[in-house]
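The values are calculated or read from the model by the stated rules, or taken from the named source; none is laboratory data. Fair warning: this is a prediction, and the values are worked out from it, not measured in the lab. All Cβ positions, glycine included, derive from the backbone under ideal geometry; neighbour counts span all protein chains shown. These accessible areas exclude ligands, DNA and RNA; they are computed on the full protein's heavy atoms, side chains included. Shrake-Rupley method; radii C 1.70, N 1.55, O 1.52, S 1.80 Å.
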Amino acid sequence: MAKVKKQFFCNNCGASSPKWVGKCPSCNEWNTYVEEVLVKGDKKEERRTWREANQRKATPVLIQEIKAGDTQRIVTTDEELNRVLGGGIVNGSLVLIGGQPGIGKSTLMLQIALELSKKVLYVSGEESEEQIKMRAERTGMSNTECYVMNETNTQQIFKHFKELKPAIMVVDSIQTLSSPHLDSTPGSVSQIRECAGELQRLAKETNTPVFIIGHITKDGSIAGPKLLEHIVDTVLQFEGDHHHTYRILRTIKNRFGSTSELGIYEMRGTGLHQISNPSELLLSQKEEELSGSAVAATIEGMRPMLIETQALVSTAVYGTPQRSATGFDLRRLSMLLAVLEKRCGFKFGMTDVFLNIAGGIKVDDPAIDLAIVSALISSLQDIAIPSDVCLAGEVGLSGEIRAVNRIDQRIREADRLGFKHIFISKYNMKGLDANDFNLKIHAIGKVEELYEQLFS
Ligand code: TYD
Ligand code: MG
């Protein structure tokens, strides 16, 4: 009788070892090794022959002779998805979509499957066919060639794939798949690695795009070995705040396009809806001008976006003042407060500071600094900022306002939305013709100048 083969795998990089080790020799992480059953009984022999049978013999080809048309893209009706993928779904690509549970990954993929007027195979290991049907009915979309299957065995999936020959395949959660060539449980390091490898071969050999959904661990990384992100061509992250309806699709890795792209959706009772004009939604519609709010002209990916920032500064009731921020880095907030205190003499030491970015969107663009600083001063002094003012600039440690990239795009967007004034860094004025825009450009060099020009 053949014996059970077990091995230890690193959770981080997927390296294997015949015995347990405390520190992974390949990625130097501690305590990442887990034991997994690889092959029970006689499957080892079977596995080897299967591997050999599946090996494609490749021959060297001259680069001039490869037809570039081979990587055509499927352009979907979903503009946001096209954008994050760099202009459409690339044939033969393997795309991984990660995100927190309940954020809407399955909904997004099902909608894409239903939107395409192509043959689609939607494989789900998490939901039954009826449940998928119910979801499809909610979104109100239909595709006459969308096949749904509840299956977790990769070989069965491949069998049906070969019969159906779909134009696109979606696999709902790599963590539920299992390859019959391994005996470890679904979701284990070796299974994820093996299944992802099999799917990658399938995508490349049949030149069919394959989407896989992946779960996310507590610390926000995709569950399973880090290696998974190396195997796939594109990694997308679906994120958002549970208390808000906005969802952001972000590119983390893309072999066929830029990684700074971003798609915005809104989750409604009827599924996810694309948001093509985010600025108009992220600016709150208010009747009167209130203190503590300022509008930032930011750029996310390639798109300019005007976002409202809100600050509340109040006297600390308890001994230690509180600082809290949603959608913004807390350490950066502390830094901005320190700059205001040191350079302009504002006293934030004994106040509670709360900061909020509209829509629960997390902004990485440093150009939002100037709006945050203005919102903080506005709330502290209780002076409202006129609603036709927006700001774009990075604040440095010595209180200087630094230039930000693509300023003309930001100004044009503010112009389009009817703003009358924009405050930018004076270092951004080079090569900028103020006559090109209807709104008035205020160039400032220091936080003190901002105070003088905006609040007095
Ligand atoms: P789902 O796609 O199941 O999330 P995931 O696959 O990432 O775990 O999303 C489920 C959530 O979306 C659920 O909380 C309900 C909500 N939802 C809507 O608000 N409207 C809809 O039309 C649908 C289908 C779901
Ligand atoms: Mg799901």
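Go through (1) part of a helix (DSSP H, G or I); (2) within 15 Å of ligand 2 (Cβ to nearest atom); (3) open to solvent by less than 10 Å² (accessible area, probe 1.4 Å) for A196 and report which single condition fails.
Single failed check for A196: (2).
Consider T185 carefully, then state whether it is of a type outside the set (A, V, I, L, M), in contact with a helix residue (DSSP H, G or I) (Cβ under 8 Å, 6 or more places away or on another chain) and not assigned by TED's automatic domain parsing to the domain that holds N11.
yes
Would you mention how many residues in the range 112-126 are under 23 Å from the mean Cα position of the chain (by Cα), surrounded by 18 or more Cβ atoms within 10 Å (Cβ to Cβ) and assigned to a loop (DSSP other than H, G, I, E, B)?
So the answer is 1.
Is it the case that the range 408-419 has a residue that's open to solvent by less than 50 Å² (accessible area, probe 1.4 Å) and more than 29 Å from the chain's Cα centre (by Cα)? Reasoning before the result, please.
The initial filter retains those residues of the range 408-419 that are open to solvent by less than 50 Å² (accessible area, probe 1.4 Å), namely 410-411, 413-415, 417-419.
Filter once more, keeping what is more than 29 Å from the chain's Cα centre (by Cα): 418-419.
Yes, the conditions are met somewhere in the range 408-419.
Do you know which residues across the range 384-402 are part of a strand (DSSP E or B) and of a type in the set (A, V, I, L, M)?
At the first step, the residues of the range 384-402 found to be part of a strand (DSSP E or B) are 384, 389-392, 394-395, 400-402.
Passing the criteria: A384, V389, L391, A392, V395, I401.
Which pairs do you get when a residue that is of a type in the set (V, I, T), found in the range 99-111, comes within reach of a residue that is more than 8 Å from ligand 2 (Cβ to nearest atom) and assigned to a helix (DSSP H, G or I), reach meaning Cβ atoms under 8 angstrom, with the pair 6+ apart or on two chains?
T107/R135; T107/T139
Taking only the range 71-91 into account, find how many residues are in a helix (DSSP H, G or I) and in contact (Cβ under 8 Å) with a residue 60 or more places away in the chain.
6
Say we look at the range 84-102 and pick out the residues that are within 12 Å of the chain's Cα centre (by Cα) and within 14 Å of R247 (Cα to Cα); which of these is farthest from ligand 1 (Cβ to nearest atom)?
Applying the filter and picking the extreme gives V84.
Of all strands (runs of 3 or more DSSP E) completely enclosed by the range 279-378, which ones contain at least 2 residues that are open to solvent by 10 Å² or more (accessible area, probe 1.4 Å), farther than 24 Å from E239 by Cβ and assigned by TED's automatic domain parsing to the domain that holds I441?
303-315, 351-357
Name every residue in the range 403-430 that is assigned to a helix (DSSP H, G or I) and either small (G, A, S) or in contact (Cβ under 8 Å) with a residue 60 or more places away in the chain (or both), in order of residue number.
Q409, R410, I411, R412, E413, A414, listed by residue number.
When the range 431-456 is examined, which residues are found to be within 28 Å of M335 (Cα to Cα) and part of a loop (DSSP other than H, G, I, E, B)? Don't jump to the end; show me each part of the working.
So the first thing to find is which residues in the range 431-456 are within 28 Å of M335 (Cα to Cα), and the list is 441-456.
Answer for the range 431-456, where residues must be within 28 Å of M335 (Cα to Cα) and part of a loop (DSSP other than H, G, I, E, B): G445, S456.
Could you tell me whether any residue of the range 138-148 is open to solvent by 30 Å² or more (accessible area, probe 1.4 Å) and farther than 20 Å from E115 by Cα?
No; the residues of the range 138-148 include none that is open to solvent by 30 Å² or more (accessible area, probe 1.4 Å) and farther than 20 Å from E115 by Cα.
Say whether the condition of being under 14 Å from T270 (Cα atoms), open to solvent by 10 Å² or more (accessible area, probe 1.4 Å), assigned by TED's automatic domain parsing to the domain that holds T251 and not β-branched (V, I, T) is met by at least one residue in the range 83-97.
For the range 83-97, residues under 14 Å from T270 (Cα atoms), open to solvent by 10 Å² or more (accessible area, probe 1.4 Å), assigned by TED's automatic domain parsing to the domain that holds T251 and not β-branched (V, I, T): absent.
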